[in-house]
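Asker: Have a look at this one before I ask anything.
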Amino acid sequence: MTRRTSALFLAALIALAPGVALAEEHESASTLVWHCVNLLALLAVIGYFARNPVRAFLAERRGKIEEGIEGARAELAAAERRLAECRERIASLDGELEGIRGAVRAQAEAERDRLLAEARAAAERIGRDAQAAVEQEARAARGRLRAEAAELSVRLAGELLSRQVTNDDRSRLVDEFVQRIEAEPPRSAPRS
């Protein structure tokens with residue numbers, strides 16, 4: 001017996017089981033036989049007419065299932081490739097992170113060095129400017145001191161001269177000044 005025949009026979013027995021039980025209670029064996037023959041005939045007719053559409057349906061269904069399985073296999077392969085790529089990226093991620101950390105650390109050190117150099121240059125420039133301001137202020141103070149000393153000297157000399165010079169000394173000085181002017185040759189006026 002083929003597998004298909006065995007399946008049909010088993011289906012018929014399962015279908016007839018309630019009829020056999022019912023026939024034992026109420027009817028005779030001949031009625032049961034007719035029921036079985038009727039069922040087998042019905043199954044044969046259904047099997048004959050439905051066999052090709054059922055086969056086509058099952059073949060189509062099998063093709064769709066196989067396509068689904070192949071699609072699932074392709075998706076599984078793609079997912080496994082992506083998983084392998086992700087694992088590789090994760091493995092290389094530590095190296096990349098360390099490289100990024102090193103680059104950031106180097107940039108921070110370079111920035112720190114640049115800022116320190118700028119601060120030193122600014123401090124030197126401020127120092128030079130302060131030194132120049134101190135020197136300029138010292139020159140100005142010396143100039144003011146000289147001016148005050150000269151003014152004080154002139155005033156003291158004037159006071160000293162006014163106390164020590166007599167009217168006779170004044171007349172003699174005026175006479176000497178006049179003689180000197182008269183002795184000098186006249187200067188020509190500048191031409192315009």
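Asker: What is the spin-label model distance, in nm, from Arg105 to Ala133 if the labels are put 7 Å beyond Cα along the C-beta direction?
Answerer: 4.3
Asker: Tell me, what is the FRET efficiency for Glu184 and Leu161 to the nearest 0.05, using R0 = 35 angstrom and their Cβ-Cβ distance as r?
Answerer: Details: r = 25 Å, r/R0 = 0.72.
Calculated value: 0.90.
Asker: Further, regarding this structure: Which net charge results for the neighbourhood of Glu148, defined as the other residues with beta-carbon distances under 12 angstrom from its beta-carbon, given Lys and Arg at +1 and Asp and Glu at -1?
Answerer: Details: positive: Arg142, Arg144, Arg146, Arg155; negative: Glu151.
Counting the neighbours of Glu148, the net charge comes to +3.
Asker: Let me ask you something else. At q = 0.15, 0.16, 0.27 Å⁻¹, what is the log10 ratio I(q)/I(0) for region 26-102, with the Debye formula run over Cα points and no solvent?
Answerer: Scattering profile of region 26-102, log10 relative to I(0): -0.78, -0.81, -1.09.
Asker: Can you give the net charge of the other residues whose Cβ lies under 11 Å from the Cβ of Ala121, counting K and R as +1 and D and E as -1? Don't skip to the end; give the middle numbers.
Answerer: Details: positive: Arg114, Arg120, Arg125, Arg128; negative: Glu118, Glu124.
Once positives and negatives cancel, what remains is +2.
Bear in mind that the values in this text are calculations on the coordinates, not laboratory data. All figures in this text were calculated on a predicted structure; none of them were measured in a lab. Positions of Cβ are backbone-derived with ideal geometry, glycine not excepted, and every protein chain shown enters the neighbour counts.
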